[in-house]
């Protein structure tokens with residue numbers, strides 16, 4: 001039997017190496033590899049061992065996102081794009097004036113503004129306060145709003161690609177907001193460097 005078949009998938013190990021900070025990389029990758037080879041794969045087989053390894057690799061994603069210096073830029077991009085899209089939808093609602101357009105326009109504008117404010121508050125890196133609960137709620141609402149738009153668009157006779165893109169971005173933005181909210185450790189009280 002090929003020795004390579006008894007090891008975790010190389011691409012998953014590569015992903016794990018990218019997710020971990022340099023000081024913990026060698027130890028964690030080595031420990032998971034050892035447990036996979038010596039205990040999990042022989043006992044459960046390759047498929048279940050790969051599922052076990054994948055679950056462990058995915059568990060490092062939230063911490064990696066919190067530590068990432070790119071996260072602020074990603075959230076700014078998502079929120080900016082979402083806000084532009086929501087303002088565009090509001091403009092289209094006012095132009096087309098279908099029944100109920102005033103309510104939908106107000107919702108589109110208020111949601112666009114709330115996405116921008118939530119992302120801005122998230123990036124301030126202030127000490128953990130009650131605002132974290134508000135941000136978590138905003139993230140969950142963003143996911144729900146995106147899912148509602150996606151499924152509502154899928155049920156319509158005329159599928160709109162623009163709404164499809166917006167809904168997927170809303171879901172991604174909400175997931176990023178929820179997954180990357182403040183850590184429970186002492187680093188959460190750091191003040192941005194000047």
Query raised in the report: How many residues, within the stretch 24-45, are within 25 Å of residue 67 (Cβ to Cβ) and touching a helix residue (DSSP H, G or I) at 6+ places or on another chain (Cβ under 8 Å)?
Result: 6
**Report entry** Leading residue by the ranking (modelled with the lowest pLDDT) among those in the stretch 1-28 that are more than 17 Å from residue 63 (Cα to Cα) and surrounded by fewer than 10 Cβ atoms within 10 Å (Cβ to Cβ)
**Finding:** 1
Report summary line: Within the stretch 62-76, residues surrounded by 14 or more Cβ atoms within 10 Å (Cβ to Cβ) and either at pLDDT 75 or above or assigned to a loop (DSSP other than H, G, I, E, B) (or both) come out as 63, 64
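The values are calculated or read from the model by the stated rules, or taken from the named source; none is laboratory data. Computed from a prediction, not measured in an experiment: that's the story for all the values here. So basically every Cβ, Gly included, is an ideal-geometry build from the backbone, and we count neighbours across all protein chains shown.
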